[in-house]
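The values are calculated or read from the model by the stated rules, or taken from the named source; none is laboratory data. Bear in mind the structure is a predicted one, so any value in this text is a computation, not a measurement. Cβ: placed from backbone, ideal geometry, glycine included. Neighbour counts: every protein chain shown.
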Amino acid sequence: MTGLCSTYSAMSQQYQFISEFKTWAEAQESCRKAHIDLATVEDMRSMRSLLKTVDPQYLGLVWIGLERGMEQRWQWSLWNSSQTITYTNWGEGEPDGPGDTCAMKYEEIWTDAFCSIVTEFICFDESDGKYIAVDIKKPWHEAQLYCRANYTDLAPIPNSTVEKEIEKIAGPYWYWTGLFQDSWEWSDKRQMSSFRYWMSGKPDNYGGEEGCTAIDMSNGGLWDDLSCNNNLPFICLGEGKKQIVQVTFSSVGDLRLNDLSVAILEQIKSKLIASGLPPDIRLTWRRQSDGRLFRPRQ
Ligand SMILES: [Ca+2]
Ligand SMILES: [Ca+2]
């Protein structure tokens, strides 16, 4: 019996720029077929490596894998610091939105507020674990860009110890923290990254129909929301190689093989990893032209 086994190996943080113009959904389909998915961005480092893959001659818009979802979630701007929010310190009756999608802090109290309000803010520097109170007034998104340019990001507050540390350096003002709320989701559902890199005033959902995200190469790669029907080049996740291998088995009937197809794939996978392929290698069976997974050896 023989079957065709498709193997795919790539580091999850590698990107591939595809210069064909497609709608967001077509780009998603194409990335899922040839690579892993449309690109997910996790932090400034992966944003910089993604930018490097784009043809330097191209100064237009490029799709990435972020689409508008239905459910609003509070998230920290610095994703790796706290993937799920376990500590909060909202004031009484807060958050009281709606429309208040950024969070600020005054002494011991948090409140949600319009992101366009200008106020002081707290940055975090990952290199030395320090928090910095910045006494310049900015709207939340500009404060985020300032912290990323000078330190790491707007401050996450993962627990009460950090909160007390921040209170020691903060003056008697309202400060933006790194907490914000949105409903955007990555095409690759395994990745919950809360990293966003919007240009000032975006996303604006212009005309009420902008559900997909592109990076703007004429604007340092900052993001804008666009109608998903635009035709743009795109960036896939995974620079790796797809290979199709023919596998031959002996002395097992076709029916039994189909039942065991998943288990066989797992066995092949562990052998490949043992022989040095990366652990995130993906294997699938390919249906042959007659629709069957396996057929008798000719
Ligand atoms: Ca509020
Ligand atoms: Ca827009």
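In the list SER200, SER183, SER187, which residue meets the criterion of being in contact with a helix residue (DSSP H, G or I) (Cβ under 9 Å, 6 or more places away or on another chain), surrounded by fewer than 15 Cβ atoms within 10 Å (Cβ to Cβ) and over 15 Å from ILE109 (Cβ atoms)?
Values: SER183 fails: in contact with a helix residue (DSSP H, G or I) (Cβ under 9 Å, 6 or more places away or on another chain); SER187 fails: surrounded by fewer than 15 Cβ atoms within 10 Å (Cβ to Cβ).
Exactly one residue qualifies, and that residue is SER200.
For the stretch 112-144, give me each residue that is surrounded by fewer than 18 Cβ atoms within 10 Å (Cβ to Cβ) and either within 10 Å of ligand 1 (Cβ to nearest atom) or of a type in the set (A, V, I, L, M) (or both).
PHE114, ILE117, VAL118, ILE132, ALA133, ILE136
Restricting to the stretch 195-230, name every residue that is within 12 Å of ligand 2 (Cβ to nearest atom) and of a type in the set (A, V, I, L, M).
Scanning the stretch 195-230 gives MET199, ALA214, LEU222, LEU226.
If you check every pair at least six apart or on different chains, which have Cβ atoms under 6 Å apart with a residue in the stretch 83-96 that is within 9 Å of ligand 1 (Cβ to nearest atom) first and a residue that is charged (D, E, K, R) second?
Short answer, once both residue conditions are applied: PRO95/ASP112.
Return the total of residues in the stretch 148-164 being over 17 Å from ILE117 (Cα atoms) and surrounded by 16 or more Cβ atoms within 10 Å (Cβ to Cβ).
First, the residues of the stretch 148-164 that are over 17 Å from ILE117 (Cα atoms): 148-153, 155-164.
Filter again for surrounded by 16 or more Cβ atoms within 10 Å (Cβ to Cβ), leaving 148, 151-153, 155-157, 162-163.
Number satisfying all stated conditions: 9.
Based on what the data block shows, is GLU126 out of contact with any strand residue (DSSP E or B) (no Cβ under 6 Å at 6 or more places or on another chain) and not hydroxyl-bearing (Ser, Thr, Tyr)?
Numbers: out of contact with any strand residue (DSSP E or B) (no Cβ under 6 Å at 6 or more places or on another chain): yes; not hydroxyl-bearing (Ser, Thr, Tyr): yes.
Against the criterion (out of contact with any strand residue (DSSP E or B) (no Cβ under 6 Å at 6 or more places or on another chain) and not hydroxyl-bearing (Ser, Thr, Tyr)), GLU126 qualifies.
Counting only residues that are among the aliphatic types (A, V, I, L, M), surrounded by 12 or more Cβ atoms within 10 Å (Cβ to Cβ) and modelled with pLDDT under 95, which one in the stretch 55-95 is farthest from ligand 2 (Cβ to nearest atom)? Reasoning before the result, please.
Residues of the stretch 55-95 that are among the aliphatic types (A, V, I, L, M), as a first pass: 59, 61-62, 64, 66, 70, 78, 85.
Of the ones still in play, those that are also surrounded by 12 or more Cβ atoms within 10 Å (Cβ to Cβ) are 61-62, 64, 66, 78, 85.
Narrowing the set further to residues that are modelled with pLDDT under 95 leaves 78, 85.
Numbers: LEU78: 24, ILE85: 27 Å.
Across the stretch 55-95, the extreme among qualifying residues is ILE85.
Please go through the stretch 184-224 and pick out each residue that is within 25 Å of PRO95 (Cα to Cα) and more than 13 Å from the chain's Cα centre (by Cα).
Matches in the stretch 184-224: TRP198, SER200, GLY201, LYS202, PRO203, ASP204, ASN205.
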